Amino acid sequence: MRFLKALVAMVFLLSIPQLWAQTTKEVEELRSVMEADRLDIVSKNLELTAEEEERFWGLYRTYRRDMSKLGDRAADLIGQYARNWGDVSEELAEKLVRDYLQVQVEQHQMKMAYIDRFKEVLPNKKIFRLYQIENKLDALVRFELADSIPLIE
C-alpha cells in the first residue's frame, strides 16, 4: 500500500533531528502522496451512489484541507522536538505537550463540526463508515509516529 510506504518514509524523515531542516520538501511530497491515497481508500470503501459522489467530494476535500492544517501544526511540533532533541528544556517540554494536546482537541472539534455538514450529503451510516475509515488511517499515522519518535530524555 502506497499510503503506508509514504507514511513510513515521512515518519523516518521527521524523526531524525539532523535531517529535519533538509526534509521539508520531501515531507510535503510524501504528505501529498498520502493524501491522494487517502482519497483513493475512502473512494473504494465508502460505496457512494452517483448522486452522493457528486455532493460529497467537494465537502470531503474541504474537510481534508482543514484537517491538514491541523496536521501541519502537529508536524511543526514534531519538528520543534526534533530540532531540540537531547536538549529539550522544561519550558519547551511544557509548551510542546500543551500545544500537541490543543491540536488534538481541535482535531476532535473539527470532526464533530463536520458531522452536520456531512449529514447534508450522506446518510448517517455512511458518515459512520467514513469516520471509521478516517480513524483507521489516522491510527496508522499515529502508530508510525509513536513508534519512530524517541521518548524525551
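The values are calculated or read from the model by the stated rules, or taken from the named source; none is laboratory data. As the structure is a computational prediction, the values presented were derived from the model and not from experiment. We place every Cβ from the backbone using ideal geometry, glycine too, and count neighbours over all the protein chains shown.
Brief remarks follow.
- Verdict on VAL141 being crowded, with 16+ Cβ neighbours inside 10 Å and over 19 Å from the mean Cα position of the chain (by Cα): no
- Only one entry in ARG117, ARG98 is more than 30 Å from ARG55 (Cα to Cα) and modelled with pLDDT of 95 or more, namely ARG98.
- Here ASP87 does not fit the description of being farther than 20 Å from PRO150 by Cβ, free of Cβ contacts under 8 Å to residues at least 24 places away in the same chain and loosely packed, with under 10 Cβ neighbours inside 10 Å.
- Residue in region 111-129 that is more than 25 Å from ASP37 (Cβ to Cβ) and either surrounded by 15 or more Cβ atoms within 10 Å (Cβ to Cβ) or in contact (Cβ under 8 Å) with a residue 12 or more places away in the chain (or both) present: yes
- So LEU48, is it closer than 25 Å to ARG129 by Cβ and outside any helix (DSSP H, G or I): yes
- Search result, residues across region 126-139 that are within 16 Å of GLU51 (Cβ to Cβ) and of a type in the set (Lys, Arg): LYS126
- One residue from LEU96, LEU77, LEU92, LEU48 being in contact (Cβ under 8 Å) with a residue 40 or more places away in the chain and either of a type in the set (A, V, I, L, M, F, W, C) or more than 19 Å from GLU144 (Cα to Cα) (or both): LEU48
Here's the yes/no breakdown for (1) touching a Ser or Thr at 6+ places or on another chain (Cβ under 9 Å); (2) under 24 Å from ILE41 (Cβ atoms):
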| position | (1), (2) |
| --- | --- |
| GLU53 | yes, yes |
| LEU59 | no, yes |
| ARG65 | no, yes |
| SER89 | no, no |
| TYR100 | no, no |
| GLN104 | no, yes |
| TYR131 | no, yes |
